[in-house]
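The values are calculated or read from the model by the stated rules, or taken from the named source; none is laboratory data. Keep in mind it's a predicted model, so treat the numbers as computed, not measured. Cβ placement follows ideal geometry from the backbone for every residue including glycine, while neighbour counts extend to all protein chains displayed. All accessible areas refer to the heavy atoms of the entire protein, side chains included, with ligands and DNA or RNA removed. Shrake-Rupley method; radii C 1.70, N 1.55, O 1.52, S 1.80 Å.
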Amino acid sequence: MKLGKWIAACLVIVLTLTACGAKEESGRVQIEFFQNKPEAKGSFDALIEKFNQSQSEIKVVQVNPPDAETVLKTRVVKNDIPDIIGMGATDTYSLLAQSGIFMDLTNNPLLSQVDETYVQMLKDVAGMDEVTGIPYSTNANGVMYNTEIFKELGLSVPKTWDELLATAQKAKDAGKIPFYFTYKDDWQTVLPFNALASNLEGIEFYMDRREGTVTFAEKYREIAEKQLALMDYGHGDNFGKNYADGNRDFARGQSAMYIQGTWAIPEIRKANPDAPIGFFPLPTGNKPEENKLISGVDTLLAISEDSKHKEEAQQFIQFLLEPENSKQYITEQTLFSTVEGVKQEDPAVAELLPYLERGQVIDFADHYIPAAVQLNSVIQSFLQNRDIDGYLKKLDTEWDKVADRR
């Protein structure tokens with residue numbers, strides 16, 4: 001009997017403590033931060049902990065599920081939209097922005113803290129005058145090179161398309177793999193495409209394509225020809241190696257160059273912390289002054305229009321934009337900040353900084369192509385069958401199918 005009373009008393013104490021804990025938590029506004037980059041989870045966790053400890057009114061909780069964009073679309077259908085969404089400026093963002101689920105931030109003071117170049121990119125991608133996201137971090141796509149191999153072979157960083165192929169040929173003649181292609185993963189085939197398409201035809205092409213005034217068949221032949229030209233300088237198993245293979249083997253000095261994004265640098269350093277990495281924009285033509293670095297919004301921060309905690313969400317975004325916190329994030333992720341005065345100091349990307357500082361950048365072409373076009377698989381098939389006419393026709397056909405459904 002006494003034991004029963006003791007157990008009951010313990011239960012009362014436990015329930016009381018639990019209730020007190022719940023009351024303490026209920027005293028803070030909880031907001032959900034949903035973001036789509038698994039590699040950034042740890043970085044955001046650290047910043048969230050710092051924010052949560054800095055004040056007692058708001059608690060931010062991060063959600064970062066596998067296949068995050070699919071999960072997000074499902075939640076949108078169920079009208080279960082997170083308070084803050086972190087995602088790339090892609091076709092998915094465009095569709096969601098056009099659906100009106102994001103808060104209009106056009107005249108929000110938060111925008112005054114970030115580079116206008118990337119604000120305009122959000123407008124262009126979404127095809128809207130309204131701004132519904134805060135560009136937070138940016139990335140770049142270009143050519144990594146092994147600085148030791150370049151020095152050994154007496155190679156200079158190419159500034160033109162002809163110089164790029166000549167450099168690749170010299171590496172090949174010396175018994176080195178010029179470019180390490182990782183085309184088992186179809187998304188990797190888009191990297192050269194982005195540089196060629198954005199530089200040679202511009203983003204304006206997609207504005208015109210939306211209006212039906214141009215076609216891929218009319219405008220993309222040179223791009224297709226140059227995509228194929230690069231394939232002459234790969235290795236013996238271009239479609240048998242994947243992204244992980246490429247990062248590991250480039251880290252071990254298996255190729256002179258690697259067409260890749262800055263996001264791969266942390267992965268390469270996992271295989272070799274001392275990998276001798278340099279980075280230059282992929283030159284697509286023979287006028288160096290016209291060549292632009294491919295750079296787009298890696299993560300934007302949007303607020304749900306239906307959120308009950310818009311003010312608190314903005315407070316957290318303001319915290320993330322503080323120079324110290326932005327610097328912490330881009331340093332860990334080898335990215336670039338949209339916040340004025342916050343610089344990336346990693347020596348591996350030093351050669352890209354002048355392009356960013358001059359605004360000599362242009363967005364990723366694939367950000368403007370509807371996901372339903374299945375661009376990755378279309379390009380992968382083209383690089384295997386080398387049928388330019390079939391490739392361009394496929395792009396036009398798939399684009400038109402999607403346009404008819406929208």
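Here is how the numbers come out for the structure above:
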quantity	calculated
Answer residue from region 52-64, given it is touching a residue at least 12 places away in the same chain (Cβ under 8 Å) and of a type outside the set (A, V, I, L, M, F, W, C) and is most open to solvent (accessible area, probe 1.4 Å) among those	E57
Residue in region 376-390 that is open to solvent by less than 70 Å² (accessible area, probe 1.4 Å) and acidic (D, E) present	no
Residues of region 340-365 that turn out to be in contact (Cβ under 8 Å) with a residue 24 or more places away in the chain and either of a type in the set (D, E) or over 25 Å from M144 (Cα atoms) (or both), as a count	4
Those residues of region 193-210 which are open to solvent by 20 Å² or more (accessible area, probe 1.4 Å) and either within 27 Å of D162 (Cβ to Cβ) or touching a Ser or Thr at 6+ places or on another chain (Cβ under 6 Å) (or both), in sequence order	N199, L200, E201, E204
Condition broken by I177, with the remaining ones in (1) open to solvent by 30 Å² or more (accessible area, probe 1.4 Å); (2) out of contact with any His (no Cβ under 9 Å at 6 or more places or on another chain); (3) farther than 30 Å from G42 by Cβ satisfied	(2)
Exclusive hit being surrounded by fewer than 16 Cβ atoms within 10 Å (Cβ to Cβ) and among the β-branched types (V, I, T), set T189, T167, T213, T182	T213
Test: residue in region 122-140 that is more than 29 Å from R269 (Cα to Cα), open to solvent by 20 Å² or more (accessible area, probe 1.4 Å) and polar (S, T, N, Q)	no
Some residue of region 271-292 being among the acidic types (D, E) and within 30 Å of E32 (Cα to Cα)	no
Residue in region 357-368 that is farther than 25 Å from K123 by Cβ and surrounded by 15 or more Cβ atoms within 10 Å (Cβ to Cβ) present	no
Number of positions in region 70-100 that are among the charged types (D, E, K, R) and surrounded by fewer than 16 Cβ atoms within 10 Å (Cβ to Cβ)	3
Residue count, region 115-141 (criterion: closer than 21 Å to Y329 by Cα and in contact with a helix residue (DSSP H, G or I) (Cβ under 7 Å, 6 or more places away or on another chain))	10
Elements of type strands (runs of 3 or more DSSP E) contained in region 227-336, each with 2 or more residues being of a type in the set (S, T, N, Q) and either in contact (Cβ under 8 Å) with a residue 40 or more places away in the chain or open to solvent by 40 Å² or more (accessible area, probe 1.4 Å) (or both)	255-261, 293-303
